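A short write-up of the structure that comes next.
Derivation of every value follows stated rules applied to the coordinates shown; laboratory data play no part. Given the structure is predicted, the values throughout are model-derived calculations rather than measurements. Note that each Cβ is placed from the backbone with ideal geometry, even for glycine, and that neighbours are counted across all protein chains shown.
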């Protein structure tokens, strides 16, 4: 076995592993990145979309107003957060009168949008806005290709790949995302989800760039290598 093969196998083994909560708790905080976060409404939606179209890789997530009663209908997507490596734009859908402009990003076949657990998000985009999502990569798919059997969330991904601790406030998760004015906690939570997805993806690309000969074709395509 060559040194390169051994290094590759060690990486795959690490990414297929699980980091326990006490270990994650001791890691440095991910949130201290100091990047720009911009709330988007009708006034700046065109600028936001134009800026995001300049990036080849974007982090993507959505938030919806939670339901607490059995049989209560979902209110659909309240915000869509999309981030380049430098800036996160939080699209407040209640403040955007014509959402079709977002289709330029969501349907763009050459701009890769990265997130975690995207199936429900993409279904909502199709049914609510009639978007045609293209070039989306779910990070969980990459980790399953590495041999991971259980699902993997953002906290675990950030710990495994970035060696950082991502906050996941239950107060933010269960908050009303349809409010007119998002709280600082909501803004931080939403932007960190999008930022962390693109950060994890770019780190994986950098790590495996020197191991392309050992990656299978499916993973090569997912990582755009």
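The gain in end-to-end length when the residue 56 to residue 13 segment is fully stretched comes to 12.6 nm, 0.36 nm per residue minus the alpha carbon separation.
Here the Gaussian network model covers the chain, with springs between Cα atoms less than 10 Å apart; of 197, 154, 183, 183 fluctuates the most. With a Förster radius of 41 Å applied to the C-beta separation of residue 3 and residue 94, the computed FRET efficiency comes to 0.15. Note on segment 31-45 and segment 186-222: Cα centroid distance 22 Å, given to the nearest whole angstrom. Once the chain from residue 127 to residue 47 is taken as fully extended at 0.36 nm per residue, the excess over their C-alpha distance is 26.2 nm. The candidate values were [x] -0.27, -0.34, -1.15; [y] -0.32, -0.40, -1.15; [z] -0.30, -0.38, -1.28; the one computed from these coordinates for log10 I(q)/I(0) by the Debye sum over Cα atoms at q = 0.08, 0.09, 0.17 Å⁻¹ carries the label [z]. Relative to the longest principal axis of the Cα atoms of the chain, helix 3-15 runs at roughly 40 degrees.
The mean sequence distance of close C-alpha pairs (under 8 Å, at least 6 residues apart), as a share of the length of segment 3-222, puts its relative contact order at 28 percent.
Against the main long axis of the alpha-carbon atoms of the chain, helix 119-129 sits at an angle near 30°.
If R0 equals 22 Å, the separation of the Cβ atoms of residue 120 and residue 218 corresponds to a calculated FRET efficiency of about 0.45.
Springs join every pair of Cα atoms under 10 Å in this Gaussian network model of the chain, and among 23, 12, 207 the largest mean-square fluctuation is at 23. Which of 25, 134, 159 moves most in a GNM of the chain, Cα contacts under 10 Å? Most flexible of the set in this elastic network: 25.
Dividing the summed -39500 (n - 2.57) terms of all DSSP H runs of n ≥ 4 by the residue count of the chain sets its mean residue ellipticity at 222 nm at -11000 deg cm²/dmol.
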